[in-house]
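Just below is one structure, and these are the notes that go with it.
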Amino acid sequence: MDIASLIGVILALGLILGSIALGSAPFSAFIDLPSFLVVIGGAVAAALICFPMKNMVGSPMVAMKVFLNKAPDLQSLIKQIVELAETARRDGLLALESKIAEVEHPLVKSGLQMAVDGSTPEGVEEVLRTEVSAIAIRHKDGKAVMDQLGRFAPAYGMIGTLMGLIMMLSNMSDPSSIGAGMAVALITTLYGAIVANVFFSPFAEKLGLISRQEMVSMEIAIRGVLAIQSGESPRAIEQKLRTYLPPKQRSAE
Amino acid sequence: MDIASLIGVILALGLILGSIALGSAPFSAFIDLPSFLVVIGGAVAAALICFPMKNMVGSPMVAMKVFLNKAPDLQSLIKQIVELAETARRDGLLALESKIAEVEHPLVKSGLQMAVDGSTPEGVEEVLRTEVSAIAIRHKDGKAVMDQLGRFAPAYGMIGTLMGLIMMLSNMSDPSSIGAGMAVALITTLYGAIVANVFFSPFAEKLGLISRQEMVSMEIAIRGVLAIQSGESPRAIEQKLRTYLPPKQRSAE
Amino acid sequence: MDIASLIGVILALGLILGSIALGSAPFSAFIDLPSFLVVIGGAVAAALICFPMKNMVGSPMVAMKVFLNKAPDLQSLIKQIVELAETARRDGLLALESKIAEVEHPLVKSGLQMAVDGSTPEGVEEVLRTEVSAIAIRHKDGKAVMDQLGRFAPAYGMIGTLMGLIMMLSNMSDPSSIGAGMAVALITTLYGAIVANVFFSPFAEKLGLISRQEMVSMEIAIRGVLAIQSGESPRAIEQKLRTYLPPKQRSAE
Amino acid sequence: MDIASLIGVILALGLILGSIALGSAPFSAFIDLPSFLVVIGGAVAAALICFPMKNMVGSPMVAMKVFLNKAPDLQSLIKQIVELAETARRDGLLALESKIAEVEHPLVKSGLQMAVDGSTPEGVEEVLRTEVSAIAIRHKDGKAVMDQLGRFAPAYGMIGTLMGLIMMLSNMSDPSSIGAGMAVALITTLYGAIVANVFFSPFAEKLGLISRQEMVSMEIAIRGVLAIQSGESPRAIEQKLRTYLPPKQRSAE
Amino acid sequence: MDIASLIGVILALGLILGSIALGSAPFSAFIDLPSFLVVIGGAVAAALICFPMKNMVGSPMVAMKVFLNKAPDLQSLIKQIVELAETARRDGLLALESKIAEVEHPLVKSGLQMAVDGSTPEGVEEVLRTEVSAIAIRHKDGKAVMDQLGRFAPAYGMIGTLMGLIMMLSNMSDPSSIGAGMAVALITTLYGAIVANVFFSPFAEKLGLISRQEMVSMEIAIRGVLAIQSGESPRAIEQKLRTYLPPKQRSAE
C-alpha cells in the first residue's frame, strides 16, 4: 500500500477544513447541497457521456489503485527470472514446465508456457508485446476517466456559479442579500476546484505513474523470457535486467 | 446502444434544470433567445468556416453515433475468424469463397476476397492498412467537428456576454436595471458553458473512444486475415487474437 | 468553391450584428476606431515580427484559399492514372511521353516525366517525396500566420482593454462617466474575440484541413506513378488507389 | 536584414503609444517604475533560474537575430554545389581540395573536406547529421529563453497587480484614491502583456521559423555533399536539390 | 555550481520584497500564515497523492540540483575517451582494464568493463542504451514533481482565495471590513503565483535542461566506447565526438 497518497488526501482536506475552522465564518457557510450535486453529478454525467458504462462502473476500483497500489518488486522479479534461467540452463527448457505454476508475473508465466509449448521466439515476443500494448490501452482508459472528471468538475463548478450569479442579479430588490447570494454562487466554483485538485487530477497523475512502473516490470519480464528461451547464461541475463533498477538497488546486489 | 451516454446527458440536464427549479429565480430568468442564437449559431457558423459542407451535413449523424454505437463484439469476430481458418485449413483457401458472403466485418470480407483472388500477403496487407488509415482519418474528421463546436461555443458565449456588458454599461441612466442587464449578459456565457460541457466536448471524447475501439477490431481483422492466408493453425490464430481481449473475456473461453 | 466557409462568415457576422440591432444600445456604442486599430494593427504587427515579409504579403491570398478552395477530385485523378497505366501497359512507358502534357496533377506530371527520362523508381520516389514534404512545409507556414493572428488578436484586445481601464480609473472625477468608459474599454476585448473567432482561428483550422486533403491526393499521385513505372496492371492499380476514396464514392464506380 | 520584424515592433509600439496619446489620460498615468522592474526584472530572474548564465548572456544576441537574420540564399547554395559537382565530375574528387576554401556554407565545407580526406560516405553523413542535430539543439535553447521570458512576463505582471490590489484594499481610508490605486495595480498586468506580445512571444516564434529555414539549407548541403561524393551527374544533383525551392524560384532557373 | 539560478531566485525575491517596501502598505499586510499553509501544504499534499513517498522524499535533493548542478565537462570527457582509445590502439583492448578504475564517467566505465570482459558490441550498446533510458525516466520523474508542484500551487492559491471571498461575503454586516477581507483573500492567490513562478516552474524548466545536457554527455560516452571497442583510430574518434561541442569550444582545440 502506498501511504503517500493517503497522507496527501488527508493533508489536503485537513488544510482546507482547518483554514475554514480558523476563519470568521461558520462551517455552514461552506455547505450547499445543490452546488455539490451540480459539481459531482455534472462531472459524473459528463464522464458517463464520454465513456462506456463498463469503464464508469470500474472507475471507483481504478481510483482505489491510487491507494492500494504496491510498486512492482523488480528485484525479486529479476531474481526469479534468473533462477528460472538457471533451471533452463541446467535441465533444458522443458524442465521449466513444472515451475511455471509457481511464477507470479503473468507475462513471465504465459511467455514461458509458450516457449515450453514450442513457439518460436518471434511468436512469443509478438504475443507478449500485443499483451503489453493491450494492457497499456486499459491503463490509459482508466486514467482517462480521472482526467475527464478532473476537467469537467471545474467546468460544472463554473456553470453552477454562473447560474447562482444570474439568480442573484435578476432579483436585487433586497441589496443586503447580495453578499450572501454571491457567496453561495462562489461555493460551486470552490467545490469544483477542490474536487479536481484534491481528487481527480492527482489521481490521474498517479495512475499514469503506476502504469509507467508496471510497463518497466513488463519490459523486464519480456526481455527475461526471451533471454531464457534463447539460452543466454543466467549471469548475463542478470546483468542485463539489473540495468532497469535504479543504481541504489543495484549495489544492494 | 450505449445507454451510458444517454443517461449522462439526461443526468446533466436534470441537474442543471433541477438546481434552477430549487433556486429563487423563475425559469424565465434563464431564457434568452438572442443569447441562444449567438452561442449555437456562432459555434455552427465557426464550424462551417472550418469544415467543408459535407462534413457539417454529416455531423448530426456522427453525433448520433455517441448514443447508437455498439462496442464491436471482438469475441464473435475472433470466433468467426477461427472458423474461417478451420475451413481454409481443411479445404484450402479457395473453399472460403462461398463463405465470404456471410462475413460481416468489411475488412475480413475484402481481405479474404483478395486472398482468394490470388493477391500476395504483402498486397493484401497494404490494401487493408491503407483502408484502416483512411477510416482513421474519417473518424478524426468527425471528432474534429465536435471538438471545434466545443471550442467555439464558449468563445461565442463570451462574445455575447461582452456585447451585453457594453450595452448595459453604455446606458446606465436607470441604475436599478444594472443587475438585470448583467444577468442577461451572463446568460450567454452560461449557454456556451452548458452546450460545450454537456454536449460537444463529451461527444468529441466519446467519438475518440469509439474510434480507438474500432481500430482494435480492425487490427484483429487484419491479423486474422493474414494468418489465415499464411495457413497458420486455427488454434495458434485463436491464441494470438485472444490477446487483444481483456483478461476477463478471455477466461470466458 | 467551398460555399460553407462563406455561409459561415456571413452567418457569424449576421448573428453578431443582429443581436446588436435587437439590443437596447445604438450601433454607435459598438464602434471605436482606436480599439479597432489596436486589435487589428497589433495582431498584424505581432505577425510581422514572427514571419518574413514574403509570408505576410502572401497571407491575404492564403486566406482566400479558405473560400476559393475546391476539394481535389480524387475520382478523376484515379481515373486518369488508370488510363495512363493502360497506355503504359499497352504501348510501353515511353508512349506516355506524348500524354504527359495533358496531365494536370503536377506530381503525376513530373513523376512520369522522370520515369520516361529513365530515372530509377527509387530516384522518382525520392524527388516526389521531397516535393511533398516541401509543399507540406509551405502549407504549415501559411496556416501558422493565421494561427498567430488568431492568438495575438485577443492578446492585443486585452492590452487595449487594460489601457482603457487605466485611463478610466486614473480619472474618476465624473462618476457618471464610469459606465461609458468601461464600455469603451471592453470594446477592444470584444473586437479581439470577434476577429479571432470569426476569421483567424477558423481560417487556420480550414487551411489545415485543405492541406490534409491535398496530402491524400498527392499520396495517390505518388503511388500511382510508382505503380505505373513498375508495370502493375491497370486493374490492380485502380483497386489499390480506390482504397483512398470514402466508401460511398467507391461504390459509385 | 529582415525589415518585417522591425516594422512590426515599431507598428505595435506606435499603435499602443498612439492610442494613449488619443486617450483622455496623460502619458504619466501609464508610467510606473516599480511595475516595470517587477515585470522585466521578474521575467529575467525567472529565466536566470531556468537557464545557465551562458545562455542568458547570449540571449540579447539571439534576440538580434530576429532583426538581422537574412533568409539563407538557397538558389546560390544550389548553384555552388552544382559547380563543385562539375569540378568533381571533370577532374575528380581531389580537385575540390583547392576550392574548399572558397566555400561559404560550413556543412558543405567540412563535408567536402572529409570526402577529400577519404572518409566513407557513411562517415561523412554521420558527422554532418550529428552536427545538424547539435545546431538544432542550440537553436531550440535560444528560442526557449524567449519562450520562457514570454511566459514569465505576464506571470510577474499578475504578481505585481495582486500586490497592488492588496496594498490598495488593505488601506481604503480614502475612498477617492481607490480608482488611482487600481489603475496603478493594473499597469503591471499591462506591462506584462505588452512585453510578452510585442517582444518575447513573437521573437520566439520568429526564431523557430529562422531555425526551420536553416534546417532546409543544411539538408540541401548534406544531400549535395553526399551526391558529389557518390559521383552523381551535376544535372541530376541540380534537379534533386531544386525540389527544395518553392516553385516560383524554380521556374526562374 | 550554477550561479545563475541562485542570482535568479535572489533577484526575483528582492524585486517582490522591494516593491512591497516601496509601497504604501506595511509588510504585515502581505503576511498570512493560513494562506501560506493552504498554498504550500496544498501543493505538497497534491504532489504526495501523485507520487510515491520515495520520489517526494528525494525531491528537495532534486531541487538542490538546480543550484549545485555543474554542466558536464564535455571537452575533458572527449579528451579522456581519446586517451583511452590511444591505449587500446597501442596495447590492445585488454590493456584498458587497469585504466578503468580511473575513469569517472559511469557509462564509459561500465561500457569498457563489458568490452574488456568480452561482450559483443551489440551487447554493450544494448546495456548502455537501456541504462540511458532508465536514467532519462528518473530525470523525468524528478522534473515531474516540480511540474506538479508548480501546477498545484496556483490551484490551491485559488481555492484559498475562494474560501476567503466566501467568508467575507457571507458576513458583510461591517462594510468597512470588506476591503481588508478581500485583501486577505487575494494573498493566497499571490502566494500561489509567487511560489509557482519563483520556484517550482523555473526549477522544473532547469531540471529539463540539466537532463538534456547530461543526455549529450551520455551520447558521447556511448559513441566513444563503441568506437574504442571497434578499434577506430583515436584521431577519427576525436573528430567525430568533437561534433557534439559548440563551435567555439571546438576551435579551442
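The values are calculated or read from the model by the stated rules, or taken from the named source; none is laboratory data. On a predicted model such as this, the values are computed, not experimentally measured, just so you know. Cβ: placed from backbone, ideal geometry, glycine included. Neighbour counts: every protein chain shown. With ligands, DNA and RNA removed, areas are computed over all heavy atoms of the protein, side chains included. Shrake-Rupley method; radii C 1.70, N 1.55, O 1.52, S 1.80 Å.
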Given (1) without any contact (Cβ under 8 Å) to a residue 24 or more places away in the chain; (2) crowded, with 17+ Cβ neighbours inside 10 Å; (3) among the hydroxyl-bearing types (S, T, Y), number of the condition D:S59 does not satisfy | (1)
Would you please list the contacts, defined by Cβ atoms under 8 Å and residues six or more apart or on different chains, that run from a residue in segment C:70-83 that is part of a loop (DSSP other than H, G, I, E, B) to a residue that is open to solvent by 60 Å² or more (accessible area, probe 1.4 Å)?
-> C:K70/C:M1
Take the residues in segment C:184-197 that are open to solvent by less than 20 Å² (accessible area, probe 1.4 Å) and of a type in the set (V, I, T), then tell me which one is nearest to the other protein chains (Cβ to nearest Cβ).
-> C:I187
Looking only at segment C:106-127, decide whether some residue is closer than 30 Å to D:F203 by Cβ, among the basic types (K, R) and away from chain D (no Cβ under 11 Å).
-> no
What tally of residues in segment E:62-72 results from selecting those that are loosely packed, with under 13 Cβ neighbours inside 10 Å and of a type in the set (D, E, K, R)?
-> 1
B:R89 vs (1) closer than 23 Å to B:A43 by Cβ; (2) open to solvent by 40 Å² or more (accessible area, probe 1.4 Å): all pass except (1)
Under 7 Å by Cβ, and 6 or more places apart or on different chains, what pairs join a residue from segment E:165-181 that is without any contact (Cβ under 8 Å) to a residue 12 or more places away in the chain and of a type outside the set (V, I, T) with one that is open to solvent by 70 Å² or more (accessible area, probe 1.4 Å) and in a helix (DSSP H, G or I)?
-> E:L169/A:M182
Within segment E:36-59, work out how many residues are facing another protein chain (nearest Cβ under 8 Å) and more than 18 Å from E:G142 (Cβ to Cβ).
-> 5
Of all the residues that make up segment B:74-118, how many are within 19 Å of C:R242 (Cβ to Cβ) and of a type in the set (S, T, Y)?
-> 1
Count, please, the residues in segment E:1-33 that happen to be under 29 Å from the mean Cα position of the chain (by Cα), farther than 20 Å from D:D32 by Cβ and more than 7 Å from chain D (Cβ to nearest Cβ).
-> 4
So which of E:G160, E:G208, E:G179, E:G164 is over 23 Å from D:G192 (Cα atoms) and within 25 Å of the chain's Cα centre (by Cα)?
-> E:G208
Mind checking whether some residue in segment B:154-167 is open to solvent by 10 Å² or more (accessible area, probe 1.4 Å), more than 30 Å from C:M168 (Cβ to Cβ) and assigned to a helix (DSSP H, G or I)?
-> no
Within segment C:10-31, can you find the residues that are closer than 20 Å to C:P154 by Cα, open to solvent by 70 Å² or more (accessible area, probe 1.4 Å) and touching a Gly at 6+ places or on another chain (Cβ under 9 Å)?
-> none
Taking segment A:198-242 and keeping only residues that are in a helix (DSSP H, G or I), more than 10 Å from every other protein chain (Cβ to nearest Cβ), closer than 23 Å to A:L93 by Cα and open to solvent by 30 Å² or more (accessible area, probe 1.4 Å), one is left with A:L226, A:Q229, A:R235, A:E238
Quick one: in segment E:149-183, of everything that is modelled with pLDDT of 95 or more and within 11 Å of chain D (Cβ to nearest Cβ), which residue is nearest to A:A185 (Cα to Cα)?
-> E:T161
For segment D:32-50, state whether one or more residues are farther than 26 Å from D:H105 by Cβ, open to solvent by less than 10 Å² (accessible area, probe 1.4 Å) and not in a helix (DSSP H, G or I).
-> no
Name the residues in segment B:103-118 that are under 13 Å from B:I81 (Cβ atoms) and in a loop (DSSP other than H, G, I, E, B), would you?
-> B:V103, B:E104, B:H105
Would you check which residues across segment A:133-157 are within 13 Å of the chain's Cα centre (by Cα) and free of Cβ contacts under 8 Å to residues at least 24 places away in the same chain and list them?
-> A:I137, A:R138
Matching entry among D:S35, D:S59, D:S110, D:S76 (being over 30 Å from D:A144 (Cβ atoms) and at pLDDT below 95) | D:S76
